[in-house]
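The next block holds one structure in the form of structure tokens; read it before the comments.
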Amino acid sequence: MTEPPAKSWPPCGAMSFESFMRAALFDPQHGYYSRQILTVGAKGDFATATTLSSTLARAIGDWVMTQHRTKNLPLNLIEIGAGDGSLARHLLKSLPLWTRLKCKYHIVETSAPLRQQQAKRLSRKVRWFDSPKDALTSCGGEAIIFHNELVDAFPVRRFEKKEEGWEECWIELGSQGKREYTCPSSPLPASSAFDQGYQTGQRIEVLESYQTWLKEWLPDWKRGEMLTIDYGDPIERLYHRRPKGTLRAYLFHQTLSGMDIYQNPGRQDMTSDVNFTDLANWGNSLGLQNAPLQTQADFIRKFASDSLEDQYLLDESGPGKEFKVLHQSKR
């Protein structure tokens, strides 16, 4: 099936779910990240670890210094998707003064409202870029890269297991209401989720857009290390007791699911849990080396205090275990 071009807002007509999510988040005039998001944290639609505490930033700063010393890497830092700038501000403050003076900090950010938030918090030494490719060109291809809660914002393709096999989820929006339906899709994208033997009716999400994005700039990365921090799991645990998948939306810290995710296109965040098995497999196929996956709790433990915020980030029944840390190398 072919999709009609978007001619109005909100998006209307029949389209794949991925196309709907891309428009809702990144439409140049109406998308949530392009125009509607104002800030991250208590006053926004969601909070991140870096808006709650400086602990994650200090842990990343320590990781940066370890990569710099042990791999003989220049202090070219690239943060992709910097939120409100809290991570950059706390990370730079955590570095020794002499290191901070030598460090070149690059932010890749496509959201104009978030760039404004970042500029208010950061010094003029920080440079902004529209793409990782541009930032890597500025670094001569050698860089230490990291991002926190970036991957979960990529548009996903949704699939449902039928008796005949996997079918892709589509949505029809119009004056008569909303309707979800599925259509056969061939070939299926590369994902570990299709090999798990799920029951009929299971829904999954595939971050093919992230894989495509990675392929676009990875050839320009000559050498370095990358840290990916996000909520998710290896595929063996990702959909445990989640027959409808992991997709949801956030509006003023309220979680929306089911058909409610179509109520406020462009005015809410939309997200799904990250399949870290896919990220590791895709990276490996593109020449990256993967270190063992860590939980956020293990990554930040030695930097955490007794504060309520840090204990929340360490909580093994919550963020401490839900968030994972993937370290990948380009050599």
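Given the criteria part of a strand (DSSP E or B), over 30 Å from E109 (Cβ atoms) and within 25 Å of the chain's Cα centre (by Cα), does E172 qualify? Taking the combined requirement at face value, the residue does not satisfy it. The number of residues in segment 269-289 being open to solvent by 10 Å² or more (accessible area, probe 1.4 Å) and of a type in the set (V, I, T) comes to 1. Residues of segment 43-98 that are of a type in the set (D, E, K, R) and under 30 Å from Q254 (Cβ atoms): K43, D45, E79, D84, R89. So which residues in segment 15-58 are closer than 30 Å to S94 by Cβ, among the hydroxyl-bearing types (S, T, Y) and either at pLDDT below 95 or part of a loop (DSSP other than H, G, I, E, B) (or both)? Hits for segment 15-58 are Y33, T39, T48, T50, T51, S53, S54. Filtered by the rule that a residue be outside any loop (DSSP other than H, G, I, E, B), open to solvent by 50 Å² or more (accessible area, probe 1.4 Å) and touching a residue at least 24 places away in the same chain (Cβ under 8 Å), segment 303-331 gives E309, Y312, K321, E322. Annotation: G258 fulfils all but one of (1) in contact (Cβ under 8 Å) with a residue 24 or more places away in the chain; (2) open to solvent by 20 Å² or more (accessible area, probe 1.4 Å); (3) closer than 26 Å to R179 by Cα; the unmet one is (1). Looking across segment 121-133 at every residue that is charged (D, E, K, R) and touching a helix residue (DSSP H, G or I) at 6+ places or on another chain (Cβ under 9 Å), the one that is farthest from W221 (Cα to Cα) is identified as R121.
Across segment 130-149, the qualifying residues are those that are within 22 Å of L75 (Cα to Cα) and either modelled with pLDDT under 95 or in a loop (DSSP other than H, G, I, E, B) (or both), and the one among them that is farthest from the chain's Cα centre (by Cα) is G140.
Residues that are open to solvent by less than 20 Å² (accessible area, probe 1.4 Å), over 25 Å from L25 (Cβ atoms) and in contact with a strand residue (DSSP E or B) (Cβ under 9 Å, 6 or more places away or on another chain): find the strands (runs of 3 or more DSSP E) completely inside segment 197-253 holding 2 or more of those.
Result: 223-233.
Annotation: K133 fulfils all but one of (1) surrounded by fewer than 20 Cβ atoms within 10 Å (Cβ to Cβ); (2) out of contact with any Phe, Trp or Tyr (no Cβ under 7 Å at 6 or more places or on another chain); the unmet one is (2). Residues satisfying the criterion are present in segment 108-120 (criterion: on the phi < 0 side of the Ramachandran plot and assigned to a strand (DSSP E or B)). For segment 156-176, how many residues are under 27 Å from P10 (Cβ atoms), open to solvent by less than 30 Å² (accessible area, probe 1.4 Å) and not charged (D, E, K, R)? Of the residues in segment 156-176, 6 are under 27 Å from P10 (Cβ atoms), open to solvent by less than 30 Å² (accessible area, probe 1.4 Å) and not charged (D, E, K, R). Close contacts from segment 145-159, counting a first residue that is more than 19 Å from C169 (Cβ to Cβ) and a second that is among the basic types (K, R) and outside any loop (DSSP other than H, G, I, E, B), with Cβ to Cβ under 8 Å and a gap of 6+ residues or different chains, come to none at all.
The values are calculated or read from the model by the stated rules, or taken from the named source; none is laboratory data. Given the structure is predicted, the values throughout are model-derived calculations rather than measurements. Note that each Cβ is placed from the backbone with ideal geometry, even for glycine, and that neighbours are counted across all protein chains shown. Keep in mind that these areas ignore ligands, DNA and RNA; they rest on the heavy atoms of the full protein, side chains included. Shrake-Rupley method; radii C 1.70, N 1.55, O 1.52, S 1.80 Å.
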